[in-house]
Ligand SMILES: [Cu+2]
């Protein structure tokens, strides 16, 4: 490998770390009044050619963001913390009510319908921002 090739790989491998990954239909469910956890949902689409590994979710207005999977055991619902989300090349992963979701903890101000929030996630090591809108929804599910 020539020195030039090595430099190109270094530069562009990083820049392209999360190429082809998009965040669609990102929304936050308007929570009941109070400062409890708030759920957010989205679709992660990987149109790139390599596996996308997402972790370290963050929100500018929240102290802490977790990725949860939902598991039903008889009539109980458990939420399980997920250290990372892997989206294969060419695939999409849907975070939706009743399934996987983001759990936004300790908002710095009331979360009400119509507000917009900036969130971010580390995608193959590259910090990647995306936006979420708060919506009001009837009949909440976990
Ligand atoms: Cu949760």
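Just so you know, all these numbers are worked out from the coordinates, no wet-lab data involved. Every value quoted in this text rests on a predicted model; they were computed, and no experiment measured them. Every residue, glycine among them, receives a Cβ derived from its backbone with ideal geometry; neighbour counts consider all protein chains shown.
Name the residues in region 69-100 that are surrounded by 13 or more Cβ atoms within 10 Å (Cβ to Cβ) and within 13 Å of the ligand (Cβ to nearest atom), would you?
If the condition is that a residue be surrounded by 13 or more Cβ atoms within 10 Å (Cβ to Cβ) and within 13 Å of the ligand (Cβ to nearest atom), then 69, 70, 79, 82, 95, 96, 97, 99, 100 are the ones that fit.
Somewhere in region 121-134, is a residue more than 16 Å from the ligand (Cβ to nearest atom) and over 30 Å from residue 50 (Cα atoms)?
Scanning region 121-134, I find at least one residue that is more than 16 Å from the ligand (Cβ to nearest atom) and over 30 Å from residue 50 (Cα atoms), so the answer is yes.
Given the conditions (1) touching a residue at least 12 places away in the same chain (Cβ under 8 Å); (2) within 16 Å of the chain's Cα centre (by Cα), and given that residue 129 satisfies all but one, which numbered condition is not satisfied?
With respect to (1) touching a residue at least 12 places away in the same chain (Cβ under 8 Å); (2) within 16 Å of the chain's Cα centre (by Cα), residue 129 is out only on (1).
How many residues, within region 101-110, are away from the ligand (no atom under 15 Å from the Cβ) and surrounded by 13 or more Cβ atoms within 10 Å (Cβ to Cβ)?
Looking only at that region, the number is 0.
With 118, 36, 48 as the choices, which residue is exposed (fewer than 15 other Cβ atoms within 10 Å of the Cβ) and touching a strand residue (DSSP E or B) at 6+ places or on another chain (Cβ under 7 Å)?
118
Just to check your reading of the model, which residue among 66, 79 is out of contact with any helix residue (DSSP H, G or I) (no Cβ under 9 Å at 6 or more places or on another chain) and touching a residue at least 60 places away in the same chain (Cβ under 8 Å)?
Step by step, each of 66, 79 is checked, and only 79 is out of contact with any helix residue (DSSP H, G or I) (no Cβ under 9 Å at 6 or more places or on another chain) and touching a residue at least 60 places away in the same chain (Cβ under 8 Å).
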